[in-house]
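Some notes on the structure that comes next.
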Amino acid sequence: MLRSTLAQQGTPVYSVAWGPDSEKVLYTSGKQLVIKPLQPNVKVLQWKAHDGLILKTDWNSVNELILSAGEDCKYKVWDSYGHLLYSSQPHEYPITSVAWSGDGELFAVGSFHTLRLCDKTGWSYALEKPNTGSIFNIAWSVDGTQLAGACGNGHVIFAHVVEQRWEWKNFEITLIKRRTMQVHNVLNDAVDLLEFRDRVIKASLSYGHLVVSTSLQCYIFSLLLKNGAVRQVTITVIQCTEIVEIALDQKGLTNERKIAFIDKNRDLYITSVKRFGKEQKIIKIGTMVQTLAWNDTSNLLCGIQDTRFTVWYYPNTVYVDKDLLTKTLYEKDASDFSKNPQIVHFVGNQITIRRADGSLIHVNISPYPVILHEYVSSSKWEDAVRLCRFVKTTATDEDQTMWACLAAMAVANKDMATAEIAYASIGEIDKVQYINSIKDLPSKESRMAQILLFSGNTQEAETLLLQTGLIYQAIQVNINLYNWDRALELAVKHKTHVDTVLAYRQKFLEDFGKKETNKRFLQYAEGLEVDWNKIKAKIEMEIAKERERAAASATVRASVTVQQ
């Protein structure tokens, strides 16, 4: 039974495709492509796509990109808003069929005596010339390893995706048969074969490992081993929707590892892999990001943002000092990369980028940030400072960037002496003064809490102080941050310094010419007279207690060392 008529027009509809969300339909109308929502009273999107009649279209549910083919002898790639991403050169004959593979990484193009395999960005991997007449329809297998074509001469042709190749540093791996891969080490010309029981569906080569997925199993091979080794890898999955690309950094302890990902809006985020009971902080560090990659040996991250190529020399800066993030970036114009470039590798100080036409270009960045990461990971702080000073004398443009990276790295590793030098070198005098004030604190716990506050970890700083019995210091932290409700809550709970909180609150309101309206503060302030001399005496007593505790703790540590 006819449920509804989506469109009525004077031109034939040669092709139709469901949208990724199954709530829209894409169809052809002469030279136009039309996206028709199924909901009533929703605007229809329509645009001129070809100079001739459109014969075929397809819409992929993974990458949400649209293919179109026409009598103007071209095939084109569009986004779901009708923006042109790729247009082929005119062929000899009309393009009669196009079809996406299931994962959206490849698509096939059919024409008269022609079958072409293309990358999702449009450029061609392979071209075959079968004697079939026009190929009117193409259907991919579910695993994306083969396709079938309906031909004008009455035949059905079958094709397999073969001779796929992956490269990483000195290794070159080729899928020579459906179940066989050849591993070639170009340094010593050694060749090895990997045989699989089932056909290979997908593979990836990077960071010294080869990942192979067959129809039934997944293998992880280490390139350092001749025969490879299968290992199980477990990563905490980020529970977010509409993520289009994700990448894991390659260095550091498990609890320090970071994941970067791009969402549907092309915003770039970074988060920790594991937080061990703490809430995961997901922070945005970029916008309009098309592609990204981590460095192979150091935690540098590169990406292409709109028309800019960007390298985040130390992305972890957002967790340490957000103000420094822009000073730790390297940026250059990316207009030479053409539309929709893809980052292939980021090895050492060289980034390999594939342009929309399939050509590879290489971008070199400064080698100094990688060296700085190596020094810091080995706790060679003096060498790191010397490197930054050397860069200052040889490359002025990099001077501020290197010092900013070192400042953030030092704070992250709690080396405040190095942080003070680095902040001073970039003119952050207020932060130098704050670091100096941290040095004067009597106890290790107070200094650690202030370092956590410096990095914006307020809750962790308060927890540390409370766990070590420094109740007043925890209350004072909240007073300094104007967290009045929390400060009063702690004072009441621990039955100490309630008058201190009320006194500072009263002074705060007087400075701004306001009256107290908080019912809880009014309740505890009733009948209370502020005596600042008494409050100052109590604060001095707390500081004296902390000094005594710190001195006693230092004595115990010294005694243990002598006994050992």
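The values are calculated or read from the model by the stated rules, or taken from the named source; none is laboratory data. Small disclaimer: the values here were computed from a predicted structure and weren't measured. Ideal geometry is used to build each Cβ from the backbone, glycine not excepted, and the neighbour counts take in all protein chains shown. Each accessible area value is taken on the protein alone, full model and side chains, heavy atoms only, with ligands, DNA and RNA left out. Shrake-Rupley method; radii C 1.70, N 1.55, O 1.52, S 1.80 Å.
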Margin query: Show the residue pairs meeting these rules: Cβ distance below 8 Å; 6+ apart or different chains; first residue within the range 478-506 and of a type in the set (A, V, I, L, M); second residue open to solvent by 70 Å² or more (accessible area, probe 1.4 Å) and in a helix (DSSP H, G or I).
Written below: L488/R520; L488/Y524; V492/Y524; V498/Y524; L502/Y524; A503/W532
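In this structure, does I361 turn out to be more than 24 Å from N316 (Cα to Cα) and either more than 25 Å from the chain's Cα centre (by Cα) or outside any loop (DSSP other than H, G, I, E, B) (or both)?
yes
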Note to self: Conditions first: (1) acidic (D, E); (2) within 29 Å of E245 (Cα to Cα); (3) open to solvent by less than 70 Å² (accessible area, probe 1.4 Å). D192 passes all but one, so which condition is the exception?
What the structure shows: (2)
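Mind telling me which of the residues Q39, Q8, Q89, Q46 ends up being open to solvent by 60 Å² or more (accessible area, probe 1.4 Å), over 20 Å from E105 (Cα atoms) and part of a strand (DSSP E or B)? First the steps, then the outcome.
Values: Q39 fails: part of a strand (DSSP E or B); Q8 fails: part of a strand (DSSP E or B); Q89 fails: part of a strand (DSSP E or B).
Every option except Q46 fails the conditions.
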Margin query: Restricting to the range 349-375, name every residue that is open to solvent by less than 60 Å² (accessible area, probe 1.4 Å), within 22 Å of E245 (Cβ to Cβ) and modelled with pLDDT of 90 or more.
Written below: I351, T352, I353, I361, V363, I365
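What strands (runs of 3 or more DSSP E), lying completely within the range 104-145, carry at least 2 residues that are of a type outside the set (K, R) and closer than 14 Å to T57 by Cα? Don't jump to the end; show me each part of the working.
On the way: elements: 106-111, 114-119, 124-128, 135-140.
Ranges flagged: 106-111, 135-140.
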Next item on the list: Please list, ordered by first then second residue, the pairs with beta carbon atoms under 7 Å, 6 or more apart or interchain, first in the range 326-346 and more than 14 Å from K120 (Cα to Cα) and polar (S, T, N, Q), second part of a helix (DSSP H, G or I) and open to solvent by less than 80 Å² (accessible area, probe 1.4 Å).
Entry: T328/T317; T328/T401; T328/A404; T328/C405; T328/A408
Item checked: Neighbours by Cβ (under 8 Å, 6+ apart or cross-chain): first from the range 373-386, β-branched (V, I, T); second part of a loop (DSSP other than H, G, I, E, B) and open to solvent by 30 Å² or more (accessible area, probe 1.4 Å) -> V376/N413
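Would you mind listing the strands (runs of 3 or more DSSP E) fully within the range 304-348 where at least 1 residues are among the charged types (D, E, K, R), open to solvent by 10 Å² or more (accessible area, probe 1.4 Å) and farther than 30 Å from G456 by Cα? Lay out the reasoning, then the answer.
Details: elements: 308-312, 329-333, 342-347.
Those strands (runs of 3 or more DSSP E) span 329-333.
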Check: Is there any pair with a first residue in the range 157-173 that is modelled with pLDDT under 90 and a second that is surrounded by fewer than 16 Cβ atoms within 10 Å (Cβ to Cβ) and among the hydrophobic types (A, V, I, L, M, F, W, C) whose Cβ atoms are under 6 Å apart and which are 6 or more apart or on different chains, and what are they?
Finding: N170/V186; N170/L187
Next item on the list: Among the residues of the range 55-72, write down those that are open to solvent by 20 Å² or more (accessible area, probe 1.4 Å) and in a loop (DSSP other than H, G, I, E, B).
Entry: S61, V62, N63, E64, L65, E71, D72
